[in-house]
Structure formats: C-alpha cells, structure tokens
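Below is one structure, written out as structure tokens; comments come after it.
None of the figures in this text is laboratory data; all of them are computed from the coordinates on show. Bear in mind that the values here come from a model prediction, so they are computed numbers and not experimental data. Backbone-built Cβ (ideal geometry, glycine too); neighbour counts: all protein chains shown.
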Amino acid sequence: MAFASKLPDIGTTIFTVMSRRALELGALNLGQGFPDYDIDPRITHLVTAAMAAGHNQYAPMPGTWDLRLQIAQKISTCYGLSVDPETEITITLGATEAIYSAIQASVGAGDEVIIFDPAYDSYDPAIRLAGGRALRLPLLLPDFRYDWDRVRASITERTRLIIVNSPHNPACTLMSAADLDALAAIIAGRDIFVLSDEVYEHVVFDGRTHASVLAHDALRARCFAVFSFGKTLHATGIRVGYCIAPAELTRELRKVHQFNTFSIAHPLQHAIAAYLAQAPEVWKGLAGFFQAKRDRLRQALAGSRFKLPPAAGTYFQLLDFSALDSCDDSTFAERLLTEAGVATIPLSPFYAVAPPLTVVRLCIAKRDATLDEGAARLAAFAQRLDRE
Ligand SMILES: Cc1ncc(COP(=O)(O)O)c(C=O)c1O
C-alpha cells in the first residue's frame with residue numbers, strides 16, 4: 001500500500017540530527033538551542049507541589065486563569081500594555097503549538113504566506129499542512145535586513161499572513177521600530193494578518209529594547225504574537241508557551257488549539273503561575289545573563305581567525321569561517337563536528353534556496369565551562385587549518 005506523504009521532503013530537523021550526531025561522536029553540543037545548566041530549583045519544587053495538590057486533570061482549554069493573569073501582569077510591566085486574559089491570551093504547547101495553531105486558524109487552501117529566510121523550520125510545514133504556500137523572501141546579507149520594497153512587491157490577492165521573528169533565530173538580529181512601521185504600512189487596508197515570533201523577547205543585548213508588535217497599535221490589532229516559557233525559564237523541555245492576539249483572532253486560534261492539544265500540562269501551568277507570582281521580574285535578568293555568555297565566547301575566540309558577526313539577541317552567536325575555508329556551511333559544520341568535536345548548526349537548512357553562506361550558529365545558552373571548552377576546540381581547529 002502506498003502512503004501519500006503530505007510532507008514528502010521533510011526529514012528530521014537539523015537540530016535533532018546535530019544533537020544525535022554530537023552524542024554519537026562524543027562532540028560538544030553547541031548546536032541545538034537548549035541550556036545545559038540547571039533550572040531554578042524553585043520551579044522544580046513548585047511542579048512537585050502542584051502535582052501533590054492534585055492539579056493533575058485537564059486544565060481549562062485556554063489555560064489556567066492564574067497563569068493568564070500572570071502573563072497579563074508581565075505584559076503590563078514589560079510593555080505598559082493592557083491585555084485581556086479572558087479573551088486575548090491562550091496557553092499553548094510551547095511556541096511551536098502557538099505558531100502551528102495560529103497558521104491553521106488563519107491560512108486556508110491556496111493562501112500565500114510571506115516568510116523570511118533563514119526561517120525557523122516549523123513555519124513552512126505548518127503553512128503547507130494548512131493548504132497554503134510559503135513565499136520565502138531572503139533577508140538581505142550580510143546583515144540579514146528586511147527588504148520591505150520586495151515584500152510590498154510580493155503581496156498578491158492571496159497573501160493572508162506575514163510571519164516575522166525578532167529577536168531572530170538564527171540571524172541574531174532585531175526588528176527595529178522602523179521595520180514594524182514598514183510592515184504595518186504594507187498590510188494597511190488589506191486582509192493580511194501577522195504572526196510575530198517573539199520567543200527571545202527578553203534576550204536583547206547592549207541596552208537595546210525589543211520592539212514587540214504588541215506595542216505597535218496598528219500591528220497589535222491584527223497580530224498573533226507568540227512567546228515561550230521554555231526560553232524565559234531556561235527550560236525548553238517544559239513545553240509551555242502562549243499566544244496573545246485580539247479577541248477575534250484568539251477565538252479562531254482556540255478553535256484549532258482545542259482540537260490540536262486541547263489543553264496544556266495542568267501542574268506545569270500552576271507551577272509557572274506560582275513562580276511568576278514569587279519572582280515576577282525574573283525575566284529582567286535574562287539579557288545580562290546571556291550577554292555575559294555571548295561576550296565570554298566572543299572574547300575566547302577573538303584571537304582566532306574566525307570572525308564573530310554582531311549578535312544583538314537570542315541564545316545564539318554566528319561564527320564566520322570565511323577566512324579559514326571556502327566550503328559551504330553544511331560542509332564546514334560537518335568538519336567542526338568530526339574534526340573539531342563541536343556540534344554547530346549550519347544556516348542553509350533554514351532557506352528554501354540557500355545563498356553562499358560562510359557562517360554556522362553556536363548556542364550560547366550553556367555553562368561557562370562548556371563555552372570555554374567549545375571555544376578552545378574551535379580555536380585549536382582554526383590553528384590546525386591555518387597550518388594546513
Ligand atoms: C525562533 C523560534 N521560534 C519558536 C521556537 C519554538 O519554541 P518552543 O520551544 O517554545 O516550542 C524556537 C525554539 O527554538 C525558536 O527558536
């Protein structure tokens with residue numbers, strides 16, 4: 001019997017592949033974006049307490065009231081905005097489910113969605129499963145800038161959604177207020193919605209601020225904004241995220257959500273709400289915490305012939321190998337894995353059609369000892385290449 005795949009070209013994600021190979025080869029994993037240090041023990045205790053208190057049956061479909069209240073409070077503190085927890089906040093299974101459900105809610109057969117390469121890998125398959133088509137526009141190299149003229153020229157009657165991501169994985173760049181204005185001007189007067197992936201909202205460096213779509217009146221009115229407690233609590237395995245959208249959009253998102261995941265792990269929601277009540281501003285420390293890690297890695301590699309492009313935010317730092325090798329990024333990532341003992345992520349899998357790329361992505365959400373060891377291995381490899 002032949003089974004017709006809906007996603008025939010999709011294999012295992014580059015993140016999983018690299019993590020598996022790092023394990024097989026005993027390489028240091030600076031590839032997949034997850035911390036290798038412990039989470040705040042208060043969260044562990046609160047999860048145990050929530051289970052002991054009996055919060056082990058279905059949670060309310062949109063999320064527990066307490067957690068939605070805490071999120072509303074956090075949005076008010078962060079952005080000075082009022083968000084209605086009843087009608088505008090939905091707790092999801094990580095940001096991944098928020099992205100998937102928002103796409104299923106808004107994209108129909110034959111609709112077009114503009115996404116920007118290098119694009120986070122869950123966008124395109126979710127669009128195709130909704131019957132839509134992704135129009136993949138490249139961010140302009142070398143700085144990964146938006147080309148808003150090209151976006152404007154690419155809009156058609158079928159354009160239904162535009163997906164943006166800031167701080168950007170894997171480019172480590174931020175959208176500016178001018179970018180948001182340009183986006184708002186392009187969709188004004190059209191039935192086009194925006195999905196804004198803001199999972200790294202708090203990991204913004206060098207005193208910059210995150211320009212959230214939520215703080216942009218015109219965009220806020222037609223935007224699904226998605227966030228992740230996995231990133232904010234250094235706990236990617238916790239799989240709790242949320243989507244903030246106007247009531248009309250939230251209503252449609254919840255129709256998908258209730259038949260997709262229905263509701264999210266009840267004890268985890270209790271624990272996160274209690275944690276945010278205890279440590280309401282815990283996210284304020286994230287920028288400094290990760291900036292110190294970024295700077296540590298940059299300093300450790302400063303004397304090598306790797307170049308380190310500016311990194312304005314996220315869990316990541318790009319590593320430019322153009323002075324060392326003329327191969328493509330996937331080949332160089334393979335060399336780093338097998339010859340330097342360091343797993344990284346090439347950027348070409350984030351493209352429909354990859355341009356020549358001379359960077360790979362390093363994850364900085366690691367213990368200092370891991371970063372030091374990774375930098376030492378990379379620097380030693382660069383020296384070996386110099387001598388070849
Ligand atoms: C840009 C971006 N969006 C979404 C996600 C998914 O977030 P979550 O782990 O909460 O599903 C990630 C995770 O790495 C990401 O980097």
Next on the checklist: What number do you get for the chain when its Cα radius of gyration is normalised by 2.2 N^0.38 Å, N = residues?
Outcome noted: 0.99
Checklist outcome for this item: Taking 0.36 nm per residue of separation between D325 and T48 and subtracting their Cα-Cα distance, the length gained on full extension comes to 94.7 nm
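Normalised radius of gyration for the stretch 250-349, please: alpha carbon Rg relative to 2.2 N^0.38 Å, two decimal places.
1.62
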Checklist entry - How do the peptides 14-27, 121-134 rank, highest first, by the average count of neighbouring beta carbon atoms within 10 Å per residue? => result 121-134, 14-27
Item to check | Convex hull projection area averaged over all views, the stretch 199-288, Cα basis, nm² | outcome: 6.7
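Quick one: compute the contact order of the stretch 22-155, relative version, from alpha carbon pairs under 8 angstrom and 6+ residues apart, as a percent.
After rounding, I find 14 percent.
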Item to check | Residue-wise HN-Hα coupling along the stretch 213-230, computed from phi with Karplus coefficients 6.51, -1.76, 1.60 (Hz; x: Gly, Pro) | outcome: 4, 4, 8, 10, 3, 5, 6, 4, 5, 9, 10, 9, 9, 10, 9, 9, 6, x
Item to check | Charge dipole (the chain, unit charges on Cβ, about Cα centre) - positive-most of L30, I115, A247 | outcome: L30
Item to check | Centroid-to-centroid separation of the stretch 318-387 and the stretch 134-188 [C-alpha atoms, Å] | outcome: 27
Next on the checklist: Number of Lys pairs in the chain with C-alpha atoms less than 29 angstrom apart, excluding same-chain neighbours closer than eight positions?
Outcome noted: 16
Checklist entry - What full-extension length gain, to one decimal in nm, is calculated for D368 and E86 as 0.36 nm per residue of separation minus the Cα-Cα distance? => result 97.4 nm
Checklist outcome for this item: Sorted on mean Cβ neighbours within 10 Å (highest first), peptides 319-332, 107-120 come out as 107-120, 319-332
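So what is the 222 nm mean residue ellipticity for the chain from helices alone, if each DSSP H run of at least 4 adds -39500 (n - 2.57) and you divide by all residues, rounding to the nearest 500 deg cm²/dmol? The partial results should precede the final answer.
On the way: 14 runs with 155 residues, N = 388.
Using -39500 (n - 2.57) per qualifying helix, the result is -12000 deg cm²/dmol.
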Checklist entry - Residue by residue, what Karplus-based ³J(HN,Hα) values in Hz, rounded to whole numbers, does the stretch 175-184 have, using 6.51, -1.76 and 1.60 with θ = phi - 60° and x for Gly and Pro? => result 6, 9, 4, 5, 4, 5, 4, 5, 5, 4
Checklist outcome for this item: Sorting G131, T344, Q278 by the position of each Cα along the dipole of the chain (Lys, Arg +1; Asp, Glu -1; all at Cβ), the one nearest the positive end of that ordering is Q278
Checklist entry - Treating the beta-carbon of each Lys and Arg as +1 and of each Asp and Glu as -1, no other charges, what is the dipole magnitude of the stretch 1-135 about its Cα centre, to the nearest 20 debye? => result 220
